[in-house]
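Visitor: This structure is in structure tokens; I'll ask about it shortly.
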Amino acid sequence: MDRGAHAFTDDPRNQSVLVYVNGQLMPRGEAVVSVFDSGFLMGDGVWEGMRLHNGRIAFVERHLDRLYEGAKAIDLDIGMSRDTLTGALYDTVVANGMESGVHIRLMVTRGLKSTPYQSPNVNVGGPTVVIIAEHKAASERVMAQGLKLFTVHVRRGAPDVLDPKLNMHSKLNCITAAIQADKAGADEGLMLDPHGFVATCNSTNFFIVRRGAVWTSTGRYCMNGITRANMLALASQNGIPAEERDFSLTEAYSADEAFVTGTFGGLTPVREIDGRTIGDEAPGPVSRRLIELYRALIERECPPPLQA
């Protein structure tokens, strides 16, 4: 994929990766789940995306907090302790000889069903756990030129409809937003909340910079982003005014800078929203500062191993 916040260059090593499926490490071409799996039939499950750096998984405890919280919310028993699941993650990357520049997708579904039906009452057996680790680095070209966003008609819903804080397999809301943005020639869809304020993008969280201050949405209708929280904390700790607040497209169009955040790309600058050029350069000065601070945070979180 060569565009968008998740743009990457194909790495031939990924064709021979081993994939974890319910306790077994299997060659990529043989790693499959049943057509009766809840994730395939109903999108019933939770997931996490993680980064491996210097042989360590960044913010692994926070990712597992979010995973187990989501599983509890949908009454899904993961069937593995946190320590066992962490061990499975590291077993997967070690088996693939991975150290850095790696993206990990951890997926847990409710498992097999006896027949295609939505109720968990027809589930049989335990959950399905899959771990896919791939060599993936964010595109330097996208970082240099910035993203084009398009405001889509698809809204982020309220928690009583489909809680946006759940990292769920049911992503059709975001997929339809991505399709609309793609048809408009943009890289990602900018989504509004039910009240018409800016909420998030379809796969990343959205920020603007106005007069040196960083703004992002209130958080009521956006993804529960770990990178988002890290950016807010880094700004606060380093003298950059930052706040969660309601703001409109009018304020976004006239921003000095804009960027999105996510586990895969960290901070990715935005160059254009709905045909309006944002700022004089991408990334802008505040964005560049946050990129530096975030890279330093990753190094502290995942220091290189001590040399013997």
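None of the figures in this text is laboratory data; all of them are computed from the coordinates on show. Not measured: the values here are computed from a predicted model. Using ideal geometry, Cβ is built from the backbone for each residue, glycine included, and neighbour counts are taken over all protein chains shown.
Visitor: Would you mind ranking 268, 176, 216 so that the residue whose beta carbon has the fewest other beta carbons within 10 Å leads the list?
Guide: Details: 268 28, 176 15, 216 25.
Neighbour counts put them in this order, fewest first: 176, 216, 268.
Visitor: Rounded to the nearest 500, what is the 222 nm mean residue ellipticity of the chain from helices alone, with -39500 (n - 2.57) per DSSP H run of 4+ residues and division by all residues? List each step's numbers first, then the result.
Guide: Values: 9 runs with 89 residues, N = 308.
Helix contribution divided over all residues of the chain: -8500 deg cm²/dmol.
Visitor: Moving to a separate point now. May I ask what percent, to the nearest 5, of DSSP beta bridges between residues of the chain are antiparallel?
Guide: Percentage antiparallel, nearest 5: 85.
Visitor: Relative contact order of region 1-90: what whole-number percent is it, with Cα pairs under 8 angstrom and at least 6 residues apart? Could you put the intermediate results ahead of the total?
Guide: Details: 49 pairs, mean separation 13.3, N = 90.
Relative contact order for region 1-90 comes out at 15 percent.
Visitor: On to the next question. At q = 0.15 Å⁻¹, what base-10 log of I(q)/I(0) does the Debye formula yield for region 76-115 when every alpha carbon is treated as an equal point scatterer in vacuo?
Guide: -0.48
Visitor: How large is the direction-averaged shadow of the alpha-carbon convex hull of region 12-135, in nm²?
Guide: Working: hull surface 28.9 nm².
With the hull built on Cα positions only, its mean projection is 7.2 nm².
Visitor: So what is the relative contact order for the chain, in percent, with contacts set as C-alpha pairs under 8 Å and at least six apart? Intermediate values should be presented prior to the final figure.
Guide: Values: 621 pairs, mean separation 58.5, N = 308.
Computed over the chain, the figure is 19 percent.
Visitor: Based on a Kirkwood Rh over C-alpha pairs, give the Stokes-Einstein translational diffusion coefficient of region 140-299 at 25 °C and viscosity 0.890 mPa s in µm²/s. Each step should come with its number before you reach the end.
Guide: Values: Rh = 15.5 Å.
The calculation lands on 159 µm²/s.
Visitor: Now for a separate question. Return the equivalent ellipsoid semi-axes of the chain as a descending list in whole Å, where each equals the square root of 5 times an eigenvalue of the C-alpha gyration tensor. Walk me through the numbers on the way to the answer.
Guide: Values: eigenvalues 206, 115, 62 Å².
Those come to 32, 24, 18 Å.
Visitor: Further question on the same structure: Under 15 Å from the Cβ of residue 111, count the other residues' Cβ atoms, weight Lys and Arg +1, Asp and Glu -1, and hand me the total. Provide the component values of the computation, followed by the final result.
Guide: Values: positive: 110, 113; negative: 37, 44, 75, 77.
In short, -2.
Visitor: Next up: Counting pairs of alpha carbon atoms under 8 Å apart in space and at least six apart in sequence, what relative contact order in percent does region 140-299 give?
Guide: 25 percent
Visitor: Sticking with this one: Which helices of the chain meet both criteria: a Cα extent of 18 Å or more along the helical axis and a mean Kyte-Doolittle score no lower than -1.0, with helices taken as whole DSSP H segments? Walk me through the numbers before you get to the answer.
Guide: Details: long enough: 60-73 (20 Å, -0.92); 82-95 (20 Å, 0.31); 285-301 (24 Å, -0.34).
Answer set is 60-73, 82-95, 285-301.
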